There are 2 protein chains.
Amino acid sequence: MIQKLAVLGVGLIGGSFALALKRAGVVGSVVGYGRSRANLEAARSLGVLDAIAETPGAAVRDADAVCLAVPVGALPTLLAEIAPYLRDDALLTDVGSTKQDVILAGRAALGDRIVRFVPGHPIAGAEDSGAAAARPELFHGKSVILTPLPENRAEAVAQVSAWWQACGAEVTVMEAENHDRIFAAVSHLPHLAAFALVAELAERPEAALFFKHAGSGFRDFTRIAASHPEMWRDIALANQGALLDEINRYQEALTRLRQLLEDGDSAALHALFERAATARRALTSYLDRL
Amino acid sequence: MIQKLAVLGVGLIGGSFALALKRAGVVGSVVGYGRSRANLEAARSLGVLDAIAETPGAAVRDADAVCLAVPVGALPTLLAEIAPYLRDDALLTDVGSTKQDVILAGRAALGDRIVRFVPGHPIAGAEDSGAAAARPELFHGKSVILTPLPENRAEAVAQVSAWWQACGAEVTVMEAENHDRIFAAVSHLPHLAAFALVAELAERPEAALFFKHAGSGFRDFTRIAASHPEMWRDIALANQGALLDEINRYQEALTRLRQLLEDGDSAALHALFERAATARRALTSYLDRL
């Protein structure tokens with residue numbers, strides 16, 4: 001049971017975490033801090049928050065649980081701001097889409113308190129953002145990855161794991177480096193690829209004509225290009241190394257495909273499309289549950 | 001009113017066209033030809049077809065309307081096969097995703113009969129294929145592009161347009177070259193980009209681990225990678241020139257994005273993502289109707 005949860009960054013994810021724990025009856029009260037006063041007021045009126053803090057330090061001062069839910073680029077500063085105010089027994093987690101950089105920031109700011117910081121990443125994206133989009137069932141049946149540190153005590157990991165299970169999520173544990181490599185491939189690269197395609201089309205003189213004829217394939221392929229620009233800027237920079245590798249691989253794959261097309265190599269094109277279609281179809285029932 | 005419609009290639013599109021015209025009460029009977037006997041039998045038992053023809057020539061012999069609904073790569077041979085059997089007054093259309101190559105094939109095979117061939121492209125894709133996936137409402141509210149030839153008589157264009165309107169579609173007329181350029185950008189490139197990404201991931205030793213952590217963004221981005229490999233091989237080859245241009249532009253966009261990431265250019269990355277997100281969000285309500 002959490003007596004007082006501090007949520008720093010009360011957006012879709014932080015807000016839904018608070019709502020889910022409230023619904024599960026495992027949290028006494030929730031105090032929030034964020035950059036936008038209007039968003040915090042909305043969060044309070046929607047029952048996401050019980051109280052609004054004026055500073056990050058004030059938010060964590062009496063909290064026994066702290067959830068860091070700001071874009072990952074904002075974490076180093078935020079961690080430095082809260083460190084002096086943390087209770088000795090406060091347990092911390094975050095929801096960042098990258099983990100090695102978050103751990104680096106945590107080690108730099110938290111000192112010995114790092115033993116009670118268990119990094120996490122809920123796999124529950126959406127284009128909507130802000131507290132108004134938060135909902136208690138967001139994590140139901142979704143996956144949450146925890147990337148515990150060698151310094152974490154087992155009971156701290158178990159506790160953060162229990163919070164997410166109370167939200168209805170399935171918890172998986174893996175190393176941060178593995179996490180970042182996997183998500184560079186299956187999440188960060190697709191986002192960048194969609195951003196690049198839409199930005200390129202949008203700057204053409206004929207953009208309106210082109211978009212007018214977009215169909216359902218374009219709709220699905222580009223849906224993630226509507227994602228939060230600041231959040232994705234931070235993710236890209238935070239996972240720079242793995243993501244550069246993935247862009248290289250993708251460009252090499254496109255170059256090979258381009259060559260097959262230029263050569264008019266019908267059999268090899270068909271084989272490539274067949275491999276992709278077979279792999280994607282095998283995933284369909286799994287992915288459609290998400 | 002069509003007395004006898006011949007559908008050559010009784011898949012999702014050809015089958016749905018037949019069902020939609022039947023429901024609208026504007027066709028007497030439908031005869032079909034295709035490569036797969038099992039698919040044709042399914043089409044007949046589902047009421048898509050009234051009769052099965054043993055050859056393309058037999059299918060069109062008594063037909064006053066002909067719909068060519070095979071992968072575009074099969075059209076040159078098919079057109080040559082049916083040309084000697086066409087009624088003098090038969091009106092032809094096709095449903096190919098590329099138009100300049102179809103017109104070339106039509107001119108080569110049809111001679112003077114080209115005046116009664118009005119090329120078309122319904123924008124109504126789906127991953128499902130085959131007659132069993134056909135449904136009469138597939139084209140409801142969807143867009144159908146016609147790319148009439150200079151030789152077409154206005155009444156032929158009006159007639160084919162009326163067929164599609166009877167299917168519930170909205171008809172737009174444009175030049176074939178424009179059509180192919182637009183769809184290279186908004187349809188063919190996204191398909192190839194999705195095929196390339198999934199094929200590349202699928203051949204890695206860790207593919208299963210990676211796919212296990214795919215989320216809803218990956219699901220949407222790669223949905224079109226499950227599309228019909230043969231159909232897309234044909235489309236890619238048929239629209240080779242415009243598509244090579246689009247791959248070049250996309251590669252250049254990815255290279256610029258990669259450079260921003262390598263340089264750690266936070267402001268420029270944010271601006272690029274913001275441009276994409278703004279453009280994509282402006283399309284959301286339009287695309288969500290599809």
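The values are calculated or read from the model by the stated rules, or taken from the named source; none is laboratory data. In this text the structure is predicted, and so the values were computed from the model without any measurement. Every residue, glycine among them, receives a Cβ derived from its backbone with ideal geometry; neighbour counts consider all protein chains shown.
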Checklist outcome for this item: Requiring at least 1 residues that are of a type in the set (Asp, Glu), at pLDDT 95 or above and farther than 22 Å from B:Pro76 by Cα, the strands (runs of 3 or more DSSP E) wholly within region B:99-193 are B:170-173
Next on the checklist: Can you pull out every residue in region B:86-112 that is surrounded by fewer than 18 Cβ atoms within 10 Å (Cβ to Cβ) and within 17 Å of B:Pro56 (Cα to Cα)?
Outcome noted: B:Arg87, B:Asp88
Next on the checklist: Yes or no: region A:23-41 includes at least one residue that is touching a Cys at 6+ places or on another chain (Cβ under 9 Å) and assigned to a helix (DSSP H, G or I).
Outcome noted: yes
Checklist entry - What pairs can you find where one residue is in region A:158-178 and in the same structural domain as A:Lys22 (by TED's automatic domain parsing) and within 23 Å of A:Arg135 (Cβ to Cβ), the other is surrounded by 17 or more Cβ atoms within 10 Å (Cβ to Cβ) and charged (D, E, K, R), and their Cβ atoms are less than 8 Å apart, with a gap of 6+ or different chains? => result A:Gly168/A:Lys142; A:Ala169/A:Lys142; A:Glu170/A:Lys142
Checklist entry - under 27 Å from B:Gly168 (Cα atoms) and in the same structural domain as B:Ala124 (by TED's automatic domain parsing) - does that describe any residue in region B:78-89? => result yes
Next on the checklist: Just checking, does region A:239-250 include any residue being in contact (Cβ under 8 Å) with a residue 12 or more places away in the chain, more than 8 Å from chain B (Cβ to nearest Cβ), over 25 Å from B:Ala279 (Cβ atoms) and part of a helix (DSSP H, G or I)?
Outcome noted: yes
Checklist entry - What residue, of B:Arg219, B:Arg281, is in a helix (DSSP H, G or I) and either of a type outside the set (Lys, Arg) or more than 21 Å from A:His213 (Cα to Cα) (or both)? => result B:Arg219
Checklist outcome for this item: Given the conditions (1) among the small types (Gly, Ala, Ser); (2) facing chain B (nearest Cβ under 7 Å); (3) without any contact (Cβ under 8 Å) to a residue 12 or more places away in the chain, every one holds for A:Ala208 apart from (2)
Checklist outcome for this item: Filtering region B:66-100 down to residues that are in contact with a Ser or Thr (Cβ under 8 Å, 6 or more places away or on another chain) and of a type in the set (A, V, I, L, M) yields B:Val66, B:Leu68, B:Val72
Item to check | Matching residues in region A:230-259 - criterion: being surrounded by fewer than 20 Cβ atoms within 10 Å (Cβ to Cβ) and more than 19 Å from B:Thr255 (Cβ to Cβ) | outcome: A:Glu230
Checklist entry - In region B:251-290, how many are facing chain A (nearest Cβ under 7 Å) and within 13 Å of A:Trp232 (Cβ to Cβ)? => result 12
